[in-house]
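What follows is one structure encoded as structure tokens, with my remarks underneath.
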Amino acid sequence: MISRKSERELRYMRKAGRIVALTLRELEKAIKPGVTTGELSALAEDFIRRQKARPAFKGLYGFPASICTSVNEQVVHGIPGSRRLKAGDIISIDVGAEVHGYYGDAAATFPVGEIHSEAARLLRVTEEALYEGIKKAVAGNRLTDISHAIQVHVEKHGFSVVRDFVGHGIGSRMHEDPQVPNFGPPGRGPRLEEGMTLAIEPMVNAGTYEVAVLEDNWTVVTKDGKLSAHFEHTVVVRNGAAEILTRL
Amino acid sequence: MGSDNKEPQVGRLVISKAGRDRGRHYLIYQVVSERLVRVVDGTIRRIENPKEKNVKHLQLRPAVAETVAAKLARGERVTNAEIRGALAQLVEKEGE
């Protein structure tokens, strides 16, 4: 069942989304060579709590930290810890916040210092793919119109989209129906209706789309060890352009 | 946080999305085909009488009851009490 949110629900989701966006902005300022992923997580947790929200990932399915930090070949769900960032790394940060029982979820991949031009291109194409997807999140379209637009944009630039992890509905739970794949033919799946809330999140690999999960049971890495990027927004489907809840 | 694009597999925690049992938690007991599984909860749906569900009518959760899955994979018997225990543990771990 895909729920359509009321204006009251959307008010809470806007609040949660704004806090997620502000947190990402704070993290972006803190990302530099020498900082550890654990320090970034602590900063995020403190910031989210000061906004009177709850870091939504902590404890979700047993995840041990407040944010996901995935460096270089790590795709998603990296666990923050003692790893120190160095110049040339890229780091994907995924943030979730809960306010009054409603969720916001967003991610972005940031450069650490100066990065290789090919890495920069991966970041740019992944973010563009997210917006290509969001453009299709319009009432009347079908769900996989989003998926298809993302895949086409990514593959046009010679990269690949991860299959094993996908976007999702969001609202009074972090993961609601439907799943939002970043690949596949257009024109399939449920018809989008005004008030549906989706977390759209292309995960894009420089090489193969195949991934593996590390022994910590969380960290997803590319099978070929090449770089991966991840951009995500929580959006509301509208009759016109989608409303992006996790953008300032 | 990315949602796991999951395959039905024995031992996986699922929630019924459609039917009169909507909202109930089960474990996958048998995978009949890509689209069809048999699920159990050890109480209403016991091992001797599993419920056949269309995968489309289930929400697949990330948690898998590893001990139950391992036993079934080895062809060993699993009791309804074990199913109940494993299910309760996973549901509690899910928290919300």
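The values are calculated or read from the model by the stated rules, or taken from the named source; none is laboratory data. Note that the coordinates shown come from a computational prediction; the quantities given were computed from them, not determined experimentally. Because the Cβ atoms are built from the backbone with ideal geometry, glycine has one as well, and the counts that use them run over all protein chains shown. The accessibility values were calculated without ligands, DNA or RNA, using every heavy atom of the protein model including side chains. Shrake-Rupley method; radii C 1.70, N 1.55, O 1.52, S 1.80 Å.
Name the one entry in A:GLU28, A:GLU39 that is closer than 20 Å to A:HIS230 by Cα, away from every other protein chain (no Cβ under 14 Å) and acidic (Asp, Glu). Even if it seems obvious, please write down each step before you answer.
On the way: A:GLU39 fails: closer than 20 Å to A:HIS230 by Cα.
Going through A:GLU28, A:GLU39 in turn, just one is closer than 20 Å to A:HIS230 by Cα, away from every other protein chain (no Cβ under 14 Å) and acidic (Asp, Glu): A:GLU28.
Just to check your reading of the model, which residue among B:GLU76, B:GLU82, B:GLU52, B:GLU92 is open to solvent by 60 Å² or more (accessible area, probe 1.4 Å) and within 14 Å of another protein chain (Cβ to nearest Cβ)?
Details: B:GLU76 fails: within 14 Å of another protein chain (Cβ to nearest Cβ); B:GLU82 fails: within 14 Å of another protein chain (Cβ to nearest Cβ); B:GLU52 fails: within 14 Å of another protein chain (Cβ to nearest Cβ).
Only one candidate passes the filter, namely B:GLU92.
Which of the residues belonging to segment A:219-236 are among the charged types (D, E, K, R) and in a strand (DSSP E or B)? Spell out the reasoning first.
So the first thing to find is which residues in segment A:219-236 are among the charged types (D, E, K, R), and the list is A:223-224, A:226, A:232.
Listed by number, the list holds a single entry, A:GLU232.
Kindly indicate which of A:ALA149, A:ALA137, A:ALA119, A:ALA107 is under 14 Å from the mean Cα position of the chain (by Cα), of a type outside the set (Ser, Thr, Tyr) and open to solvent by less than 20 Å² (accessible area, probe 1.4 Å).
Values: A:ALA149 fails: under 14 Å from the mean Cα position of the chain (by Cα); A:ALA137 fails: under 14 Å from the mean Cα position of the chain (by Cα); A:ALA119 fails: under 14 Å from the mean Cα position of the chain (by Cα).
Checking each option against the conditions leaves just A:ALA107.
Out of everything in segment B:1-16 that is open to solvent by 50 Å² or more (accessible area, probe 1.4 Å) and under 13 Å from the mean Cα position of the chain (by Cα), what residue ends up being farthest from the other protein chains (Cβ to nearest Cβ)?
Of everything passing the filter in segment B:1-16, B:GLN9 is farthest from the other protein chains (Cβ to nearest Cβ).
Based on what the data block shows, is A:ILE91 among the aliphatic types (A, V, I, L, M), away from chain B (no Cβ under 14 Å), over 15 Å from A:TRP218 (Cβ atoms) and open to solvent by less than 10 Å² (accessible area, probe 1.4 Å)? If you could, list the steps in order and put the result at the bottom.
Details: among the aliphatic types (A, V, I, L, M): yes; away from chain B (no Cβ under 14 Å): yes; over 15 Å from A:TRP218 (Cβ atoms): yes; open to solvent by less than 10 Å² (accessible area, probe 1.4 Å): yes.
Yes.
List the strands (runs of 3 or more DSSP E) that sit entirely inside segment B:1-61 and contain at least 2 residues that are hydroxyl-bearing (Ser, Thr, Tyr) and modelled with pLDDT of 90 or more.
Working: elements: B:12-16, B:25-31, B:36-40, B:51-54.
Once the strands (runs of 3 or more DSSP E) in segment B:1-61 are filtered for at least 2 residues that are hydroxyl-bearing (Ser, Thr, Tyr) and modelled with pLDDT of 90 or more, what remains is B:25-31.
Among what's in segment A:196-217 and is buried (at least 24 other Cβ atoms within 10 Å of the Cβ) and part of a loop (DSSP other than H, G, I, E, B), pick the residue that is nearest to the other protein chains (Cβ to nearest Cβ).
Taking the candidates together, the pick is A:GLU201.
Determine, yes or no, whether A:PRO181 is within 9 Å of chain B (Cβ to nearest Cβ), open to solvent by 20 Å² or more (accessible area, probe 1.4 Å) and more than 23 Å from A:SER66 (Cα to Cα). Walk me through how you get there before you give the answer.
Values: within 9 Å of chain B (Cβ to nearest Cβ): yes; open to solvent by 20 Å² or more (accessible area, probe 1.4 Å): yes; more than 23 Å from A:SER66 (Cα to Cα): yes.
Criteria met by A:PRO181.
Looking at B:ALA70, B:ALA88, B:ALA63, can you tell me which residue is of a type in the set (A, V, I, L, M) and farther than 20 Å from A:ASN217 by Cα?
Details: B:ALA70 fails: farther than 20 Å from A:ASN217 by Cα; B:ALA63 fails: farther than 20 Å from A:ASN217 by Cα.
From the options B:ALA70, B:ALA88, B:ALA63, the qualifying one is B:ALA88.
What are the pairs with Cβ atoms under 8 angstrom where one residue, in segment B:7-31, is closer than 17 Å to B:ALA86 by Cβ and the other, located anywhere, is basic (Lys, Arg) and part of a loop (DSSP other than H, G, I, E, B)? Sequence gap at least six, or different chains.
That search, which allows pairs on different chains as well, returns B:ARG12/B:LYS6; B:ILE15/B:ARG24; B:TYR26/B:ARG45.
Hey, among A:PHE47, A:PHE57, which residue is within 14 Å of chain B (Cβ to nearest Cβ) and open to solvent by less than 70 Å² (accessible area, probe 1.4 Å)? Quick ask: steps written out before the conclusion?
Details: A:PHE47 fails: within 14 Å of chain B (Cβ to nearest Cβ).
None of the other options fit; the residue is A:PHE57.
Going residue by residue through segment B:20-34, is there one that turns out to be within 11 Å of another protein chain (Cβ to nearest Cβ) and farther than 30 Å from A:ALA229 by Cα? Don't jump to the end; show me each part of the working.
In the first step, residues of segment B:20-34 are kept if they are within 11 Å of another protein chain (Cβ to nearest Cβ); the result is B:22-23.
From what is left, the residues that are farther than 30 Å from A:ALA229 by Cα are B:22-23.
Among the residues of segment B:20-34, at least one is within 11 Å of another protein chain (Cβ to nearest Cβ) and farther than 30 Å from A:ALA229 by Cα, which makes the answer yes.
Does any residue of segment A:153-168 turn out to be out of contact with any strand residue (DSSP E or B) (no Cβ under 7 Å at 6 or more places or on another chain), open to solvent by 30 Å² or more (accessible area, probe 1.4 Å), in contact (Cβ under 8 Å) with a residue 40 or more places away in the chain and within 14 Å of chain B (Cβ to nearest Cβ)? Working first, answer last.
As a first pass, look at segment A:153-168 and keep what is out of contact with any strand residue (DSSP E or B) (no Cβ under 7 Å at 6 or more places or on another chain): A:153, A:155-158, A:163.
Applying the additional criterion that residues be open to solvent by 30 Å² or more (accessible area, probe 1.4 Å) yields A:155-158, A:163.
Cutting the leftovers down to in contact (Cβ under 8 Å) with a residue 40 or more places away in the chain gives us A:163.
Still in the list and also within 14 Å of chain B (Cβ to nearest Cβ): A:163.
Checking segment A:153-168: at least one residue is out of contact with any strand residue (DSSP E or B) (no Cβ under 7 Å at 6 or more places or on another chain), open to solvent by 30 Å² or more (accessible area, probe 1.4 Å), in contact (Cβ under 8 Å) with a residue 40 or more places away in the chain and within 14 Å of chain B (Cβ to nearest Cβ).
With a cut-off of at least 3 residues that are touching a Phe, Trp or Tyr at 6+ places or on another chain (Cβ under 7 Å), name the strands (runs of 3 or more DSSP E) lying wholly within segment A:32-151. Give the steps one after another, and end with the answer.
Numbers: elements: A:67-71, A:74-76, A:90-99, A:102-111.
So the answer is A:90-99, A:102-111.
Looking at segment A:16-44 only, could you name the residues that are open to solvent by less than 80 Å² (accessible area, probe 1.4 Å) and charged (D, E, K, R)? Quick ask: steps written out before the conclusion?
Taking segment A:16-44 first, the residues open to solvent by less than 80 Å² (accessible area, probe 1.4 Å) are A:16-17, A:19-24, A:26-27, A:30-31, A:33-38, A:40-44.
Answer for segment A:16-44, where residues must be open to solvent by less than 80 Å² (accessible area, probe 1.4 Å) and charged (D, E, K, R): just A:GLU26.
Of (1) open to solvent by less than 10 Å² (accessible area, probe 1.4 Å); (2) touching a residue at least 40 places away in the same chain (Cβ under 8 Å); (3) within 14 Å of another protein chain (Cβ to nearest Cβ), A:PRO80 satisfies all except one. Which?
(1)
Can you say whether B:GLU66 is away from chain A (no Cβ under 14 Å) and either more than 22 Å from A:MET174 (Cβ to Cβ) or buried (at least 18 other Cβ atoms within 10 Å of the Cβ) (or both), as far as the supplied structure shows?
Numbers: away from chain A (no Cβ under 14 Å): no; either more than 22 Å from A:MET174 (Cβ to Cβ) or buried (at least 18 other Cβ atoms within 10 Å of the Cβ) (or both): yes.
Here the answer is no, as B:GLU66 does not meet what is asked.
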